[in-house]
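Heads up: the structure comes next, in structure tokens.
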Amino acid sequence: EETILLVDDDDLYRRSCRRMLDRTGYRVLEAANGAEAIRIFERERENVDVVILDSRMPSLSGTDVCRAIAAIDPRVPILVVSGYSEVHELDAIANEGASGFLPKPFDAKHFLEAMSRLERRTAK
């Protein structure tokens, strides 16, 4: 059972995404903002297999969160999700260690396809 840290400031979207992840067999940790995501990752880094990170959040941006998580453990895959497709923003996040991108909204099929393309860390 893989553990996913799900980071999104939209409560409704986060709950919906969590239900989908629960149904597909993942253990889910939730964060409503970037600072909370970093705190959870610091505490749970040995258990987190993948981070799903919204690119746009208030306070700390997806780029900031990606940078902080990659500094803690650069091996953890970070799948960035966004309803926006601004190339400069996505490039910035990719440069900070993001492993993949998935446009919002996504369904279970597209999510599982994106997960299958991520390279997992081999040792925790």
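Laboratory data are not the source of any read-out in this text; all were calculated from the coordinates shown. Keep in mind the model is a prediction, meaning the values are calculated, not measured. All Cβ positions, even for glycine, are placed from backbone atoms using ideal geometry, and neighbour counts span all protein chains on display.
Between residue 52 and 5, 6, 7, 79, the built amide H atoms are under 5 Å apart, and every one of these is 5 or more places off in sequence or on another chain.
Taking the average, over residues, of other Cβ atoms within 10 Å as the packing measure, peptides 56-64, 102-110 rank 56-64, 102-110 from highest down.
What do you get for GluC sites (Glu not before Pro) in region 1-49 restricted to DSSP loop and a cutoff of at most 10 other Cβ within 10 Å of the site's Cβ? Walk me through the intermediate numbers first.
Values: sites: 1, 2, 30, 36, 42, 44, 46; in loops: 1, 2, 46.
Passing sites in region 1-49 are 1, 46.
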